[in-house]
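Chemist: First the structure, which I've put down as structure tokens, then a few questions once you've had a look.
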Amino acid sequence: MQDSPRRARTRLLTKALVIPTALALSAVMVAGCGSRDNSSASGSNAKSCVDTSKDTIKIGSLHSLTGTMAISEVTVANSTKLAVDQINAAGGVLGKKIEIVAEDGASDPKTFAEKSEKLISSDCVAAVFGGWTSASRKAMKPKFEQLNSLLFYPVQYEGLEASKNIFYTGATTNQQIVPALDYLKQKGVKSLYLVGSDYVFPQTANREIKAYAAANGIEIKGEDYAPLGSTDFSTIVNKVRNAKADAIFNTLNGDSNVAFFREYHNAGLTAQTMPVVSVSIAEEEVAGIGPQNVTGQLTAWNYYQTVDSPENKAFVTAYKAAYGQNKPTSDPMEAAYTSVFLWKNMVEKAKSFAVADIQKNCGGVSYDAPEGPVTVDGDNHHITKTARIGEIHSDGLIYTVWDSGKPIAPDPFLTSYPWAKGL
């Protein structure tokens, strides 16, 4: 990723989030989706090549199996396959077994876009499950809208988006970032330092964090970005240490987290002196970083391996049986696993694999997921999710220290928050 001046980056980001034209917006609203970046699908009349005459139905699995994001995405592909295997063992979907067509996004947005088109147009899949970074999602989004297919995106993200061709099964802002900020405020945090990877998710998330901070008396002591995949954090960590903020809000992604926390640890910073709240570090990344470097640090997610429920115990047992007893489960893995079952339930409600039929019938579809019950919002294609703040322990697992008590309805455009106006 090539660095660019902050002002130019802000202009580009603002353009990317601009409200669609009146014509496009009216087309979306007719289709029953949300607003703002809730884009119309120009290819909504495109003829599908999905073959429903056979005993199998194809879906795409598109994740980074190589590159800087592989540390996070390989296990998400595994959990997608686990869900498919379980559904097939129980008889499949509408009497058809699911066949996975797997592709490697290679940690590159352009590759994600190219592979999306291949899966839709050449492999004729009924839906695609994949993506991690917002850059990958935004690269794929036009393909799914133009070719009128469905993407199930399993990772928390910055919000301010909805599409009738995407189902967002990870958290949106009011289900992760806002609860994390509320938690810090309740704990007496008066200042933050923002550290993130240099692409759309951290940049947009930090705009939202700064808006929240301004409205809630929290000072932003500094804001720094590193290129995705960066391994040199000596300068940033030195600035963080000298800023003496009450806490760090971390939106780094991929294996950059390994380098950041090792540098943070080497600089003598601790969870007691300057805690870090991370929104892209789960159990898999903890193992890569080394638990000794992050013990006591906080995370904001909707699921941890340690969630105590029958559904989660069954999920964890099945995953470890398939991939190894030493392999942890994590939030994005659980969201990916859940998304396959939600797709199954949508198809069965619609009695059809057709995109239009699924879009028409998706609202209210639910699933008793490992994280707890989730329900699809038919207007914005996000799902209800329980917010959880967790603390990393020396065993490499994350334990809930606070949760929202019940699933939070998705508000991707933050319309219920006065401080978010103008974002």
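The values are calculated or read from the model by the stated rules, or taken from the named source; none is laboratory data. These numbers were taken from a predicted model, which means no experiment stands behind them. With ideal geometry, Cβ positions are generated from the backbone for all residues, glycine too; neighbour counts draw on all protein chains shown.
Chemist: Does His382 satisfy the condition of being modelled with pLDDT of 95 or more, crowded, with 17+ Cβ neighbours inside 10 Å and not assigned by TED's automatic domain parsing to the domain that holds Val50?
Modeler: Working: modelled with pLDDT of 95 or more: yes; crowded, with 17+ Cβ neighbours inside 10 Å: yes; not assigned by TED's automatic domain parsing to the domain that holds Val50: yes.
The answer is yes for His382.
Chemist: Looking only at segment 94-103, decide whether some residue is more than 24 Å from Asn312 (Cβ to Cβ), among the small types (Gly, Ala, Ser) and modelled with pLDDT of 95 or more.
Modeler: Checking segment 94-103: at least one residue is more than 24 Å from Asn312 (Cβ to Cβ), among the small types (Gly, Ala, Ser) and modelled with pLDDT of 95 or more.
Chemist: May I ask you to list pairs of residues, at least six apart or on different chains, whose Cβ atoms are under 9 Å apart, with the first in segment 182-205 being at negative phi and in the same structural domain as Met69 (by TED's automatic domain parsing) and the second being buried (at least 23 other Cβ atoms within 10 Å of the Cβ) and outside any loop (DSSP other than H, G, I, E, B)?
Modeler: none
Chemist: Now a separate question. For segment 342-355, state whether one or more residues are under 19 Å from the mean Cα position of the chain (by Cα) and in contact (Cβ under 8 Å) with a residue 24 or more places away in the chain. So that I can check it myself, show each step before the final result.
Modeler: First pass over segment 342-355, keeping only residues under 19 Å from the mean Cα position of the chain (by Cα): 342-343.
Remaining after also requiring in contact (Cβ under 8 Å) with a residue 24 or more places away in the chain: 342-343.
Within segment 342-355, one or more residues are under 19 Å from the mean Cα position of the chain (by Cα) and in contact (Cβ under 8 Å) with a residue 24 or more places away in the chain.
Chemist: Now a separate question. Consider Asn88 carefully, then state whether it is under 27 Å from Lys360 (Cα atoms), over 19 Å from the mean Cα position of the chain (by Cα), at pLDDT 95 or above and among the polar types (S, T, N, Q).
Modeler: Working: under 27 Å from Lys360 (Cα atoms): yes; over 19 Å from the mean Cα position of the chain (by Cα): yes; at pLDDT 95 or above: yes; among the polar types (S, T, N, Q): yes.
When the stated conditions are applied, Asn88 passes them.
Chemist: A further question on this structure: Exactly one of (1) of a type in the set (Phe, Trp, Tyr); (2) assigned to a strand (DSSP E or B); (3) surrounded by fewer than 18 Cβ atoms within 10 Å (Cβ to Cβ) is unmet by Trp419. Its number?
Modeler: (2)
Chemist: If I ask for residues that are without any contact (Cβ under 8 Å) to a residue 60 or more places away in the chain and within 17 Å of the chain's Cα centre (by Cα), which ones from segment 408-418 would you list?
Modeler: Here is the first cut: in segment 408-418, the residues without any contact (Cβ under 8 Å) to a residue 60 or more places away in the chain are 409, 415.
Passing the criteria: only Ala409.
Chemist: Restricting attention to segment 281-290, does a residue exist that is of a type in the set (A, V, I, L, M) and closer than 21 Å to Ser134 by Cβ? Steps first, please.
Modeler: First, the residues of segment 281-290 that are of a type in the set (A, V, I, L, M): 281-282, 286-287, 289.
Add one more test, that the residue is closer than 21 Å to Ser134 by Cβ, and what stays is 281-282.
The answer is yes; a qualifying residue exists.
Chemist: Working only within segment 71-125, note down all residues that are assigned to a helix (DSSP H, G or I) and of a type in the set (A, V, I, L, M). It would help to see each step written out before you state the result.
Modeler: The initial filter retains those residues of segment 71-125 that are assigned to a helix (DSSP H, G or I), namely 71-89, 109-122.
Result: Ile71, Val74, Val76, Ala77, Leu82, Ala83, Val84, Ile87, Ala89, Ala113, Leu119, Ile120.
Chemist: Report yes if Thr251 is of a type in the set (Val, Ile, Thr) and within 17 Å of the chain's Cα centre (by Cα), otherwise no.
Modeler: Details: of a type in the set (Val, Ile, Thr): yes; within 17 Å of the chain's Cα centre (by Cα): yes.
Yes, satisfied.
Chemist: If I filter segment 54-68 down to residues being assigned to a loop (DSSP other than H, G, I, E, B) and at pLDDT 95 or above, which single residue comes out as surrounded by the most Cβ atoms within 10 Å (Cβ to Cβ)? If you could, list the steps in order and put the result at the bottom.
Modeler: Of segment 54-68, the ones assigned to a loop (DSSP other than H, G, I, E, B) are 54-55, 64-68.
Pick out the ones that are also at pLDDT 95 or above and you get 54-55, 64-67.
Values: Lys54: 10, Asp55: 9, Ser64: 27, Leu65: 17, Thr66: 14, Gly67: 18.
Filtering segment 54-68 for residues that are assigned to a loop (DSSP other than H, G, I, E, B) and at pLDDT 95 or above, the one surrounded by the most Cβ atoms within 10 Å (Cβ to Cβ) comes out as Ser64.
Residues checked against (1) surrounded by 24 or more Cβ atoms within 10 Å (Cβ to Cβ); (2) not assigned by TED's automatic domain parsing to the domain that holds Asp368:
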position: Ala300; (1), (2): yes, yes
position: Thr317; (1), (2): no, no
position: Tyr323; (1), (2): no, no
position: Asn326; (1), (2): no, no
position: Tyr337; (1), (2): yes, no
position: Val340; (1), (2): yes, no
position: Trp343; (1), (2): yes, no
position: Lys351; (1), (2): no, no
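Chemist: Among the residues in segment 392-407, are any under 17 Å from the mean Cα position of the chain (by Cα) and part of a strand (DSSP E or B)?
Modeler: So far as segment 392-407 goes, no, none of its residues is under 17 Å from the mean Cα position of the chain (by Cα) and part of a strand (DSSP E or B).
Chemist: Out of (1) modelled with pLDDT of 95 or more; (2) out of contact with any His (no Cβ under 8 Å at 6 or more places or on another chain), the odd one out for Thr231 is which?
Modeler: Against the list (1) modelled with pLDDT of 95 or more; (2) out of contact with any His (no Cβ under 8 Å at 6 or more places or on another chain), Thr231 comes up short only on (1).
Chemist: Which of the following residues is touching a residue at least 24 places away in the same chain (Cβ under 8 Å), of a type outside the set (A, V, I, L, M, F, W, C) and farther than 26 Å from Asp182 by Cα: Gly254, Gly288?
Modeler: Values: Gly254 fails: farther than 26 Å from Asp182 by Cα.
One residue alone meets the criteria, Gly288.
Chemist: Looking only at segment 227-251, how many residues end up being free of Cβ contacts under 8 Å to residues at least 40 places away in the same chain and buried (at least 22 other Cβ atoms within 10 Å of the Cβ)?
Modeler: Total meeting the criteria: 2.
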